[in-house]
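Structure record follows, encoded as structure tokens.
Since every read-out is calculated from the coordinates, none of them should be taken as a lab result. Predicted model, so just to flag it, every value in this text is computed and none were measured. Neighbour counts run over all protein chains shown; Cβ positions are idealised from the backbone, glycine included.
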Amino acid sequence: MVTVLTVDDSVFMRTVIRDMLIKDPSIEVVGTAANGIDALEKIQSLNPDVVTLDIEMPKMNGLEVLRELQKGKVRPKILMVSSLTSKDAEATAEAIRLGADDFMLKPKDLPHVREIGDELVAKVKHLMTLSSSETPKKPDQHEGAASRIVLIGSSAGGPPMLDTLLKDLSPDLPAGVVITQHMPTGFTAALAERFNRIAPLPVKETENGDTVETGKILLSKAGVHTVISGVIDDNGSKSGRIVHSTAPPVHGVRPAVDKTFESAAHVYGNRCVSVILSGMGNDAGEGARAIREAGGVSLLCDEKDCLVYGMARSAIQYNAVDRVLPLNRLAKEIERVVLQMEG
């Protein structure tokens, strides 16, 4: 049984979050709090496993709660619940730096708040599987521009899967990694910060002009497409560089997985491996086809491990799939495929 304390200054949000959580018989909501001061007292008295924590609250806000928790011995898992504003995006990134374990986003339209119920339950349960310590990174050996690339695309339901996949990657993976995760503008910086705790390889949000480097993970910045442009180095070897594009959304999203996959196929050809995780819609199918036609390898996560299977199904419809594997076998398969590629 996972015990949860819900903290939000809105009676409506406290009630909705509680109602969504208690639908799962493995979750017990042991209390609620309307501000940070009340939350700290209840964390001490109730000792919950997980706290869902709002950012903006009277008397003491969510960031101040996190700072206070750093001083004490009681340390529940913290799930920040953020609004879709630029101010909240900055605060969410700060919350992750202050030790919050994960975050989720409230819909702009309050009548649709209950639609996040499945994601909320999944995140609360997933938090109990995470180690509280940061994964040690191997020393930076400045391995330089990547001659091989791993491309990962995901959307709804993807972040918890990425936790598992990234945690399992080899610290000696001889490739660069680029993740494109559908997310509102401003929030990928916090997500990259989170992944950096979990992955054995360093993770950062993309910046325009970044080189795709061996042994490093780039997370596509929300609000722009991540396009991979070809670069020839002094030794005549071809590698990739990140170009941020403000071209119109594709499939209603920006960044679009198709944009990243298709551009990478042109640069890396048969030295690409693509991986599609959970997500709704058709993004990723055309990109996976481009990679396969260029001689690369296209992997899908098994449907039973995905919250939504739309993106993966689009790749199947394009006949752009080499292998379908369960989530817990993807990292090993990525490593196997990459090692077979010409460097």
Exercise for review: Quick one: which residues, 5 or more positions from Leu105 or on another chain, have an amide H under 5 Å from its amide H? H modelled 1.01 Å from N in the peptide plane, none for Pro or chain starts.
Suggested key: Ser82
Check your understanding: Roughly how many debye, to the nearest 20, is the charge dipole of the range 149-340 about its Cα centre, given +1 on each Lys and Arg Cβ, -1 on each Asp and Glu Cβ, and no other charges?
Key -> 140 debye
Point to revise | Calculated FRET efficiency for the pair Ile37/Asp302, C-beta based, R₀ 51 Å, to 0.05 | key: 0.65
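What is the dipole size for the range 133-227, taken about its Cα centre, with +1 at each Lys and Arg Cβ and -1 at each Asp and Glu Cβ, in debye to the nearest 20?
Values: 9 positive and 11 negative charges, 25 e Å.
Roughly 120 debye, rounded to the nearest 20.
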Check your understanding: If you take the charge dipole of the chain about its Cα centre, with +1 on Lys and Arg Cβ and -1 on Asp and Glu Cβ, which of Val275, Ser170, Tyr318 is farthest toward its positive end?
Key -> Ser170
Check your understanding: Taking the simple approach of a point 7 Å from Cα along Cα-to-Cβ for both Asp118 and Leu339, what is their distance in nm?
Key -> 3.6 nm
Practice item. Compute the Kirkwood hydrodynamic radius of the chain, taking the inverse of the mean of 1/r over all pairs of distinct Cα atoms, and give it in Å to one decimal. Key: 20.6 Å
Check your understanding: Roughly what % antiparallel, to the nearest 5, for the DSSP beta bridges in the chain?
Key -> 20 percent
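Nearest 20 debye, what's the magnitude of the dipole of the chain about its Cα centre given +1 on Lys and Arg Cβ and -1 on Asp and Glu Cβ?
Values: 39 positive and 46 negative charges, 56 e Å.
For the chain, the charge dipole is close to 260 debye.
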Point to revise | Amide proton proximity set for Gly99, modelled H, under 5 Å, gap of 5+ | key: none
Practice item. Determine the calculated [θ] at 222 nm for the chain from helices alone, applying -39500 (n - 2.57) to every DSSP H run no shorter than 4 residues and normalising by the residue count; nearest 500 deg cm²/dmol. Key: -10500 deg cm²/dmol
Point to revise | Cα gyration tensor shape for the range 149-340, rounded if a/c is under 1.5, else prolate or oblate | key: rounded
Review point. Local charge sum around Arg18 (other residues, Cβ-Cβ under 13 Å, Lys/Arg +1, Asp/Glu -1)?
Key: -1
Study note, to complete from the structure: Calc'd 3J(HN,Hα), the range 117-129, phi into Karplus 6.51 cos²θ - 1.76 cosθ + 1.60 (θ = phi - 60°), Hz, glycine/Pro = x, comes to x, 5, 5, 4, 4, 4, 5, 4, 5, 5, 4, 6, 9
Check your understanding: Can you work out ³J(HN,Hα) from phi for every residue in the range 333-339, in order, using Karplus 6.51 cos²θ - 1.76 cosθ + 1.60 and θ = phi - 60°, giving whole Hz and x for Gly and Pro?
Key -> 5, 4, 4, 4, 5, 4, 5
**Study point:** Nonlocal amide H pairs with Ile27, under 5 Å, H built at 1.01 Å
**Key:** Val2
Practice item. Based on the mean of other Cβ atoms within 10 Å per residue, sort peptides 31-43, 236-248 so the most packed one is first. Key: 31-43, 236-248
**Study point:** Euclidean distance of C-alpha centroids, the range 256-287 and the range 1-79, integer Å
**Key:** 39 Å
Review point. Can you give the extra length, in nm with one decimal, that the chain gains between Met280 and Arg323 once fully stretched, where that is 0.36 nm per residue apart less the Cα-Cα distance?
Key: 13.5 nm
**Study point:** Net charge, Met311 excluded, C-beta distance under 15 Å - Lys, Arg +1, Asp, Glu -1
**Key:** -4
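Here are some pairs, Lys42/Lys77; Lys138/Lys167; Lys106/Lys167; Lys138/Lys332; which of them have Cα atoms lying more than 20 Å apart in this structure?
Working: Lys42/Lys77 14 Å; Lys138/Lys167 13 Å; Lys106/Lys167 27 Å; Lys138/Lys332 18 Å.
Checking Cα-Cα distances, Lys106/Lys167 exceed 20 Å.
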Check your understanding: Along the range 184-199, what does the Karplus equation 6.51 cos²θ - 1.76 cosθ + 1.60 (θ = phi - 60°) give for ³J(HN,Hα), rounded to whole Hz, x for Gly and Pro?
Key -> x, 4, x, 9, 6, 5, 5, 5, 4, 4, 5, 4, 5, 6, 9, 7
